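The structure under discussion appears below in the form of structure tokens.
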């Protein structure tokens, strides 16, 4: 098959590209703005094509897109109202509309779990007060149902993404985690009310490679919408787990109720964006039936917090 992939210069993109290169024999077309950022070997085998350009110019490649069997859309813009809309909405819609309905078998579109509520339904606040990134992801998703190829789209919603090493860029969270550990002597004394899911970039790549080979026969119960994540963790358990790994004792934890946090914000005049303030009060970012490699009876690379921290060299 012929597979077109965007966003390969990022953390998730590197894992997906490497998996497709080494675990499939499909012909690959990688759209990348700056090939110098690529840390994987794109000369590893034949059938790997690098297209140096921006997603904004995707309409230049309509002739190529007309021949594509699978499109994997991971590219994203993180900020700037105009830029985010151009990339996260317009460019992705233009790409999908340029695919041939007879030749295209499936489209794997990367959204974000931040646009979903705890029942995997759309979260209105993501549209109303979300960051440029989150708001445009919401906008793009709502437009997908209007497209001719909608029935071929599988939407994936990553939760908190970790990953990166000497051959791959670190995710935003992995890049900042070691700095956070410097504060564990203080953090360990507090019990934060919240919960979350996480997933490693390698496990995302495993799921995407599985979908490349099996997505057309995906169980209808998934409704072609997959929240990518491991079992949820509470913030308190995560703090205790991390402290155990780095050999710091947790004798007791002081509860930090939300009303107290709100008092601190007012007393110290802490400036917070509307979305940040919403997240502080929402607290439990958990979802129904999260998907990871074990869902498809495949081995997981980092299914637990312990394995995740070990991958980051924290033990």
Original post:
So what is the relative contact order of segment 124-172, in percent, for Cα pairs below 8 Å that sit 6 or more residues apart?
Top reply: 17 percent
Original post:
Using r as the Cβ-Cβ distance of residue 121 and residue 213, and R0 as 30 Å, what FRET efficiency do you calculate, to the nearest 0.05?
Top reply: 0.50
**OP:** If a/c stays under 1.5 just call it rounded; otherwise compare a/b with b/c (prolate if a/b is bigger, oblate if not). Do that for segment 73-122, with a ≥ b ≥ c from the square roots of the Cα gyration tensor eigenvalues.
**Re:** oblate
Subject >> Overall form of segment 1-68 per C-alpha gyration tensor (a/c, 1.5; a/b vs b/c) >> reply: oblate
Subject >> Spin-label proximity, residue 143 to segment 69-107 - amide N less than 13 Å from point 7 Å beyond Cα toward beta carbon >> reply: 82-98
Original post:
So how tilted is helix 235-245 from the main axis of the chain? Cα-based, degrees 0 to 90, rounded to 10.
Top reply: 90 degrees
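How would you order 27-36, 236-245, 216-225 from highest to lowest mean count of nearby Cβ atoms within 10 Å?
Answer by packing, highest mean first, reads 27-36, 236-245, 216-225.
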Original post:
What residue among 177, 211, 226 has the largest mean-square fluctuation in a Gaussian network model of the chain, using Cα springs under 10 Å?
Top reply: 177
Original post:
Which residue, 39, 22, 152, tops the fluctuation ranking in a GNM of the chain built on C-alpha contacts under 10 Å?
Top reply: 22
Original post:
By how many degrees, 0 to 90 and rounded to 10, does the Cα axis of helix 201-214 deviate from the longest principal axis of the chain?
Top reply: 40 degrees
Original post:
Is the shape of segment 276-315 best called rounded, prolate or oblate, per the rule: a/c under 1.5 gives rounded, else a/b larger than b/c gives prolate, else oblate, with a ≥ b ≥ c the square roots of the Cα gyration tensor eigenvalues?
Top reply: oblate
Subject >> Stretchable slack from residue 222 to residue 54, in nm (0.36 nm times residue separation minus alpha-carbon distance) >> reply: 57.3 nm
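Could you tell me the relative contact order of the chain? Use alpha-carbon pairs under 8 Å, at least six residues apart, and round to a whole percent.
18 percent
For a Förster distance of 30 Å, can you work out the FRET efficiency between the beta-carbons of residue 167 and residue 27, rounded to the nearest 0.05? Walk me through the numbers on the way to the answer.
Working: r = 23 Å, r/R0 = 0.77.
About 0.85, to the nearest 0.05.
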Subject >> the chain: most fluctuating residue of 78, 183, 275 per GNM, C-alpha cutoff 10 Å >> reply: 183
Original post:
Mind checking the angle between helix 11-23 and the chain's longest principal axis? C-alpha axes, 0 to 90 degrees, to the nearest 10.
Top reply: 50 degrees
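Throughout, read-outs are computed from the coordinates displayed, never taken from laboratory work. Just so you know, these numbers come straight off a predicted model, no measurement behind them. Because the Cβ atoms are built from the backbone with ideal geometry, glycine has one as well, and the counts that use them run over all protein chains shown.
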